[in-house]
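J.: Mind looking over this structure? Questions follow.
The numbers here are math on the coordinates, done by the rules we state, and not lab data. Please read all numbers here as calculations on a predicted model, not as lab measurements. Cβ: placed from backbone, ideal geometry, glycine included. Neighbour counts: every protein chain shown.
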Amino acid sequence: MKLGIMGILLAGILALIPCLPATAQDSGTITITMTGAKEFSINLTPANWSFGTVTPNTVNTTDLTQFNLTVDSTSTCAINTYVTGENAVWADDPGAYNWTLSNNEQNDIKVYVLWFKLDGEESYIPITEGPTSFYSGTLGPGDSKQFGLKLLTPQPDFTKGGTGYFSVGSAIVQTHVTISAVAA
Amino acid sequence: MTQQRQIAYDREVSRKSAMKQIKAGIITILLAIILAAIPYLPVVAEGNSSGETTITMNTESVMGISLGQAEWRVEGEEDVSLNTTYKTDLPASWCTITNTGNSNVTMFIKGDDAEWVSDPSKKWTLSSTGDNGKNVYALWYHIKGDTVDSYTPVSKDLASMKWVRDGEPLNLAKHDDTQQFGLKLLTPTQFIGGRTMEANIILSAVAA
C-alpha cells in the first residue's frame, strides 16, 4: 500500500517537473547599448628633415613625396586634418635669435615663409601659426597623404662684401611642422 | 480596524516616498558621473591626434670684427713718467669690439715690445709677468662687466682673452654682438727720456 502511494507521488512529481519552469517563469528583456569610441592615430614621417645650408631670401623646396601622413589602419573613424607651423629658432640659443613665421606669404628681415603642397595638388598652401586645413576631405583608416614643403628664407640681417648673411653663422635654425587631426 | 488600515496606509506612503528619494539619488549620481565624464570624452575620442616633424636649416658663416679704437696716446701730448701706471680714459669701455661677421668667435690678444719710432732696435720689452723693470713695461686689459678692478696681463704670446670672474673666454656669438675693454700700462723703472715709443696690440677673432 505504502509502495503504491509512493509510486503515485513519484509519478506525480515527475509529471510536474516539465511544468514547474512554465509555472515559475516570467519574461524580461535586457537591451544592451554600446557606442564605439572614435579612436584614431596618425603618423607623420620623417620626424626630422634638413634643408641643408640656406642663404637669405631664397626659396628651398623638398620633393612632393618627402613627407607622409598616414592614418593608422586600426582607427575607428574618419578624420579632418590641420597643419600648423611655428617660429624658427637658433637651436643653440632659442631666445637670442629667431625667425618669425610669416602669416602673409611675405618674407622680411627675420621673417620666413613656409608652404606645403600635397602630392598631386595644384598649388602650395601657406603654413601659419594658426591651423590651416591640410586635406580638404576626410581621411579614413589606412589612408595616407604625401606632401612637400617650400621654404622662403628671411631677407639678410646684414651684408658683407656684397653678400647677405644671417646674424648667426654656421648655425642651426630649427622649426616644427605639426599636423593634427580631429574626428570627422 | 480603521486604525490598522491607517497604519498600513502610512507605511505605504512612507515606502513610496523612500523609493522616490532613492530614485532621485540614483539620477543625481548618474548625472554627476556623466558630468564628470564630459571632460574626458574628447580625450578618449582623439587618440594620437597629431604628428610633428622638425625642420632644420643651416646658415652660412662669415667672420669679421672691428675695433672702436686704433690708437692710445698714453698721456696725450705729454710725456710719461718712470714706473707709473696709466689707464685708458674709460677704464672698462675704452675700446669696443664688434662682431661684423656672424661667426661665433672668441677673442685673442697679443702685445709686443715698444719700439723707439726713430730707431726700432731700441725697445722697451713687454713684460710677460706684469712686473716692470729697466726698459721693461707691462700691459693689462680689463673687460667691461668683469670683476671690479681686475686686470689680465698682455704678453707677446697670443692668448685667449678671458673673464677673470669665471675664466670663460671672451665671446661674440653673433652679428653685431659687442664687448668692451680698457687698458692699463706700467712704464719701465728706467728708460732714456725723450724717445717716443710705439707698440702694437693685436686682437684676433677665432671661430669658437
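J.: Which pairs in the list B:110/B:184; B:134/B:156; A:160/B:184; A:110/B:174; B:123/B:184 are over 24 Å apart, alpha-carbon to alpha-carbon?
T.: Flagged as over cut-off: A:160/B:184.
J.: What does the range B:65-207 give for Rg and for Dmax, in Å, if only its C-alpha atoms count?
T.: When restricted to Cα atoms, the range B:65-207 yields Rg and Dmax of 15.4, 46 Å.
J.: Subtract the Cα-Cα distance of residue B:81 and residue B:52 from 0.36 nm times their separation in residues, and report this length gain in nm to one decimal.
T.: 3.5 nm
J.: Hey, another quick one. Kindly rank B:118-128, B:70-80 from highest to lowest mean number of other beta carbons found within 10 Å of each residue.
T.: B:118-128, B:70-80
J.: What is the spin-label model distance, in nm, from residue B:168 to residue A:91 if the labels are put 7 Å beyond Cα along the C-beta direction?
T.: 2.1
J.: With each pseudo-label sitting 7 Å past Cα toward Cβ, what's the residue A:146-residue A:104 distance in nm, one decimal?
T.: The modelled label-to-label distance comes out at 3.6 nm.
J.: Taking every residue in A:156-167, how many Cβ atoms of other protein chains lie within 10 Å of its Cβ, on average?
T.: 4
J.: Specify, per residue and in Å³, the volume enclosed by the convex hull of the alpha carbon atoms belonging to the range A:46-184.
T.: Hull volume normalised by residue count: 117 Å³.
J.: Between residue A:27 and residue B:195, what is the spin-label point distance in nm, taking each point 7 Å from the Cα along the Cα→C-beta axis?
T.: That separation, rounded to one decimal, is 12.8 nm.
J.: In degrees between 0 and 90, to the nearest 10, how far off the longest principal axis of chain A does helix A:2-16 point, with axes built from Cα atoms?
T.: 30
J.: Take peptides B:86-94, B:176-184 and line them up by average Cβ neighbours within 10 Å, highest first, as a rough protection proxy.
T.: For the peptides B:86-94, B:176-184, the packing ranking is B:176-184, B:86-94.
J.: Name all residues of the range B:79-111 having a backbone nitrogen under 14 Å from the label point set 7 Å from the Cα of residue A:170 along its Cα→Cβ direction, giving them as ranges.
T.: In the range B:79-111, the label zone of residue A:170 (backbone N under 14 Å from the point 7 Å along Cα→Cβ) covers B:101-107.
J.: Hey, another quick one. Picking from B:179, B:141, B:64, whose Cα lies most toward the positive end of the charge dipole for the range B:38-187 (charges on Cβ: Lys, Arg +1; Asp, Glu -1)?
T.: Of the listed residues, the answer is B:141.
J.: Separate question: Provide the gained length on full extension for the span residue B:72 to residue B:208, in nm with one decimal, where the gain is 0.36 nm per separating residue minus the Cα-Cα distance.
T.: Full-extension gain reported as 46.1 nm.
J.: Set the Förster radius R0 to 56 Å, insert the Cβ-Cβ distance between residue B:89 and residue A:48 as r into 1/(1 + (r/R0)^6), and round the FRET efficiency to 0.05.
T.: 0.60
J.: For A:136-149, what's the mean count of beta carbons from other chains sitting within 10 Å of each residue's beta carbon?
T.: Mean partner shielding for this stretch: 0.
J.: Let me ask something additional. Using a Förster distance of 51 Å, how high is the FRET efficiency between residue A:37 and residue A:129, based on the Cβ-Cβ distance and rounded to 0.05?
T.: 0.95
J.: Sticking with this one: GNM on chain A, C-alpha springs below 10 Å: top fluctuator among A:85, A:28, A:140?
T.: It is A:28.
J.: If I take the Cα coordinates of the range B:87-130 and project them onto the principal axes, what are the three extents in Å, biggest first?
T.: 41, 25, 24
J.: PRE reach from residue B:158 (point 7 Å along Cα→Cβ): which of the range B:80-112 fall under 13 Å by backbone N?
T.: Output list for this probe position: B:106-111.
J.: Moving on. So how strong a dipole does chain A carry about its Cα centre when Lys and Arg Cβ are +1 and Asp and Glu Cβ are -1, to the nearest 20 debye?
T.: Once rounded to the nearest 20, the dipole reads 600 debye.
J.: Once you average over the residues of A:171-178, how many Cβ atoms of partner chains fall within 10 Å of each Cβ?
T.: Mean partner-chain Cβ count within 10 Å for A:171-178: 5.
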